Amino acid sequence: MSDQPRRPRKPAKPYRRPKKDPVRILAFEALRAVDERDAYANLVLPPLLRKARENGDFEARDAALATELVYGTLRRQGTYDAVVAACVDRPLREVDPPVLDVLSLGAHQLLGTRIPTHAAVSATVELARVVLGDGRAKFVNAVLRKIAQDDLDGWLERVAPPYDQDPEDHLAVVHSHPRWVVSALWDSLGGGRASIEELLRADNDRPEVTLVARPGRATPAELLDEEAAEPGRWSPYAVRLTEGGEPGAITAVAEGRAGVQDEGSQLVALALANAPVEGRDRMWLDGCAGPGGKAALLGALAAERGALLLASEKQPHRAGLVAKALHGNPGPYQVIAADGTRPPWRPGSFDRVLVDVPCTGLGALRRRPEARWRRRPEDLDGFAPLQRGLLRTALESVRPGGVVGYATCSPHLAETRAVVADLLKQFPDADLIDARPLLPGVPDLGEGPDVQLWPHLHGTDAMYLALIRRTG
């Protein structure tokens, strides 16, 4: 035995309960819902925020921070994954998803906000202790301290391949889009590096809330009385809430006389409504009406001319949303649940037909940032038959001299021009008409006759519209 005296043991540190941070816990819960249930943040977050306010946990600034943490993390997920991957000793697929969500939240605070470094690290480690436990919190702490050693620009220089070696992969990492999405957007947009970078940056900007004053029920002037409200850029019925806010708290929105609707969506409805038709103009059809925003605007415009709108939606629960949106419409309308590819109405029944077809949603990545990580190139093959089937039915449903509007919230060429070109081959008595004059004042609409809107050029979702007239 050694004659050396034993060293007295250091007293164990008393256990400290982790501090619960309602804002970051809520943000974490929202990210887990998006990951585990394929939920959309714009559907998950509002009820979580409402519950927090009812419980007295949140003030207005807390809700704003929670919203920024969720949407900012989702938008920059690809970039943050590349940074985290450089700071761990295993492939990201071997990191538990809840741990990765906490790390992404921490990375966003460190690299994408003005939160001080020490506060971002300590708050995220405390969150990890609450939702993951002390053991994994130590791992989170170690990784975040590595991330904190550089800023976003420094990390991008380290983790993004040089542009001249791999342009698409460089843009994918720097602007946080999957490589295949970068490629598809670039093909649709055309142009050089500056154009695609402007578009990708716009996809990562938080969009303004845009309202529509439904004609005959509300006026833009009424909505402009709201605080921080400005007129829309292109639609005469649009009003922008420049500082966000809660649209449901606005009287006209709560009463259904106005609604939340992107200006690009409004322009599609207006262009179809204003397209010249030959002969009568009494029967309008929205063949893919859910959830009801375009139907409500079309119904109000139809009412001004004494026309009837039939709004058809395949899913009964979405047909219910359409009925709610149209409730109180000043003119005649009908809502039905029907398969738009097997319609119950007779061919040639309508003077105007809109089909805003299901798609990948690549045109609304500002609003649904998680969609960029959820979609796959093979999804295009799944949508293709439905898109063609719906446009075929629309062309069969319109009478000679009437007009069909084919719209989609995706700029992908496989969902836009390819669909229209295929169907025009099958309908020799149908011709494209120039949609550009029907969007007066809107610049940068290309060579036509179809129209592609863009976030970076028009401040709208990337809506596509082709107008087709039946000639015989």
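The values are calculated or read from the model by the stated rules, or taken from the named source; none is laboratory data. What you see is a predicted model; the values in this text were computed from it and never measured. Note: ideal-geometry Cβ built from the backbone for every residue, glycine included; neighbour counts use all protein chains shown. Only protein heavy atoms, including side chains, enter the accessible area calculation; ligands, DNA and RNA are left aside. Shrake-Rupley method; radii C 1.70, N 1.55, O 1.52, S 1.80 Å.
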*Taking L321, is it in a helix (DSSP H, G or I) and either touching a helix residue (DSSP H, G or I) at 6+ places or on another chain (Cβ under 6 Å) or open to solvent by 40 Å² or more (accessible area, probe 1.4 Å) (or both)?*
yes
*When segment 94-106 is examined, which residues are found to be under 26 Å from the mean Cα position of the chain (by Cα) and either surrounded by fewer than 17 Cβ atoms within 10 Å (Cβ to Cβ) or in contact (Cβ under 8 Å) with a residue 60 or more places away in the chain (or both)?*
P97, P98, D101, V102, S104, L105
*Which condition number does A128 fail, the rest of (1) within 21 Å of F28 (Cβ to Cβ); (2) in contact with a strand residue (DSSP E or B) (Cβ under 8 Å, 6 or more places away or on another chain) being met?*
(2)
*Considering R158, R129, which residue is in a helix (DSSP H, G or I) and open to solvent by 50 Å² or more (accessible area, probe 1.4 Å)?*
R158
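Inside segment 36-67, can you point out the residues that are in a helix (DSSP H, G or I), surrounded by fewer than 17 Cβ atoms within 10 Å (Cβ to Cβ) and within 20 Å of the chain's Cα centre (by Cα)?
E36, R37, N42, L43, P46, P47, A64
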*Return only the number of the condition from (1) in a helix (DSSP H, G or I); (2) in contact (Cβ under 8 Å) with a residue 40 or more places away in the chain that D381 does not satisfy.*
(2)
*Six or more apart or on different chains, Cβ under 7 Å: which pairs go from a residue in segment 59-77 that's within 15 Å of N42 (Cβ to Cβ) and basic (K, R) to one that's modelled with pLDDT of 90 or more and crowded, with 19+ Cβ neighbours inside 10 Å? Could you list them?*
R75/S176; R75/N204; R75/P369
*Mind telling me which of the residues P358, P377, P369 ends up being under 21 Å from the mean Cα position of the chain (by Cα), surrounded by 23 or more Cβ atoms within 10 Å (Cβ to Cβ) and within 29 Å of N204 (Cβ to Cβ)?*
P369
*Within the set of pairs 6+ apart or on separate chains, which have a first residue in segment 193-221 that is on the phi > 0 side of the Ramachandran plot and surrounded by 16 or more Cβ atoms within 10 Å (Cβ to Cβ), a second that is of a type in the set (D, E) and part of a helix (DSSP H, G or I), and C-beta atoms under 7 Å apart?*
G216/E304
*Please indicate, with yes or no, whether at least one residue in segment 453-464 is in contact with a strand residue (DSSP E or B) (Cβ under 6 Å, 6 or more places away or on another chain), outside any helix (DSSP H, G or I) and not aromatic (F, W, Y).*
no
